[in-house]
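To start, the structure itself, in structure tokens.
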Amino acid sequence: SANQPEKAMEMFGRVIKSYPKSEEAYFNLGLLYHHQQRLDEAGEMIQKGLEVNPDSPVGYYYLARLQTDQKIYPEAIKNFEKAIALYPGFDHAYLSLGDLYEQMGAPAKAIETYKRLLDDTGPDNREVRYRLIQIYSQIKAYDTALEQIDILLGRDPSDLEARFQKARVFQEMKD
């Protein structure tokens, strides 16, 4: 129903009153506010959660997502990086940071971020490989895009998406 978020917000408000040291309650309330486009209140709640636990990678990630939506990009970048520093395997933080760099028209920074993710979490992340292929194609670095595709095909020769991407890249090279 339409007032489900309101009920959830009241519930988390009660949890916070009973357990003022529950960073999750602050973060969840912040996410609800964010979802409701009440961005200032969202930021306040996430900050309060970070006061409870200043070493929470999730808190910095939520804050960075909020700042991305508010178009406060330098702060968002700083907080995505802080989340990653606290939890180097945090692929959502890397992916969101890479997305942000792409939105900002900074493909080299996006590439660097995605390569760091592969270094930190292992080379088998297909989603990251496809993002790299996309960026390399956009900046017309076709040979590098094809290298990424060949890595995917080396892992799974029956990968139809990789085969499609290879055909697409060859088509773009021809055009």
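From the list 7, 17, 71, the one residue that fits, being at pLDDT 90 or above and among the basic types (Lys, Arg), is 71. The residue list 44, 24 contains one member that is open to solvent by 60 Å² or more (accessible area, probe 1.4 Å), of a type outside the set (A, V, I, L, M, F, W, C), at pLDDT below 95 and out of contact with any His (no Cβ under 9 Å at 6 or more places or on another chain), which is 24. Residues of the range 32-50 that are under 18 Å from residue 7 (Cα atoms) and among the basic types (Lys, Arg): 38 alone. For the range 124-171, filtering for residues that are under 21 Å from residue 93 (Cα atoms) and among the hydrophobic types (A, V, I, L, M, F, W, C) leaves 4. The C-beta contact set for the range 100-112 (first residue closer than 17 Å to residue 64 by Cα, second residue assigned to a loop (DSSP other than H, G, I, E, B) and open to solvent by less than 50 Å² (accessible area, probe 1.4 Å), distance under 9 angstrom, 6+ apart or interchain) comprises 100/106. Looking only at the range 7-14, decide whether some residue is within 24 Å of the chain's Cα centre (by Cα) and small (Gly, Ala, Ser). No, the range 7-14 has no match at all.
The values are calculated or read from the model by the stated rules, or taken from the named source; none is laboratory data. Just so we're clear, the structure is a prediction, and the values are computed from it rather than from any experiment. Neighbour counts are summed over all protein chains in view; Cβ atoms, including those assigned to glycine, are modelled from backbone coordinates with ideal geometry. Quick note on the areas: whole protein, heavy atoms, side chains included, nothing else; ligands and nucleic acids left out. Shrake-Rupley method; radii C 1.70, N 1.55, O 1.52, S 1.80 Å.
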